[in-house]
1. Any idea how far apart Lys63 and Glu40 come out in nm if each label point goes 7 Å out from Cα toward Cβ?
2. Can you list residues from other chains, or at least 5 along the same chain, whose modelled amide H is less than 5 Å from the amide H of Lys34?
3. Any idea what Rg and Dmax come out to for segment 1-47 if you just take the C-alpha atoms, in Å?
4. With a probe of 1.4 Å, find how much accessible area segment 9-67 has per residue, and write the answer as a whole number in Å².
5. Can you list the residues, at least 5 places off or on another chain, whose amide H is less than 5 Å from the amide H of Val52, using H built in the peptide plane?
6. Can you tell me which lysines have their Cα less than 29 Å from the Cα of Lys73? Leave out same-chain residues fewer than eight positions away.
Amino acid sequence: MPPQMKIVVKVPMHCDKCRRKALKIAARAQGVSKVSIEGENKDLVEVIGDGVDSVCLTRSLRKKLGCSCTIVKVEEVKPAVKTEQKSTPAPSASCVQYCCTPQFRPMYCELVHEYPEPTTCSIM
């Protein structure tokens, strides 16, 4: 599996229509998983994906927008480190009975009886 790449291309865009068109063109490229507009002047197209060809992407932007696009940065995206979260234990049954009095509304439902799956299916 190819590593995820982050490609930033400078595209001269002066209106929202140009930005929308650039996003559509970039999103159609093979392997793209995320496209966004970045930069102070909103003139940078940031593309993240697996095996995205930066040269083909820039060439298609140049061809379809009719302007000079330049590659600013190509880098490998490092996977985010997942932090382990502790799950909170479910409240006891006595708490459920106490909370279900008319003055309190229950915040969750507890499965009391589970219906068994049908073992056979007959079509008549």
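1. My value for the distance between the label points is 3.4 nm.
2. HN-HN under 5 Å from Lys34: Ile48.
3. Rg then Dmax for segment 1-47, in Å: 10.9, 37.
4. Numbers: 3620 Å² over 59 residues.
That works out to 61 Å² for each residue.
5. Those lying under 5 Å, H to H, from Val52 are Met5.
6. Lys6, Lys10, Lys17, Lys21, Lys24, Lys34, Lys42, Lys63, Lys64, Lys82
The values are calculated or read from the model by the stated rules, or taken from the named source; none is laboratory data. These numbers were taken from a predicted model, which means no experiment stands behind them. Reconstructed Cβ throughout: ideal geometry from the backbone, glycine too, with neighbour counts over all protein chains shown. For the accessible areas, the whole protein counts, side chains as well, though only heavy atoms, and no ligand, DNA or RNA atoms are used. Shrake-Rupley method; radii C 1.70, N 1.55, O 1.52, S 1.80 Å.
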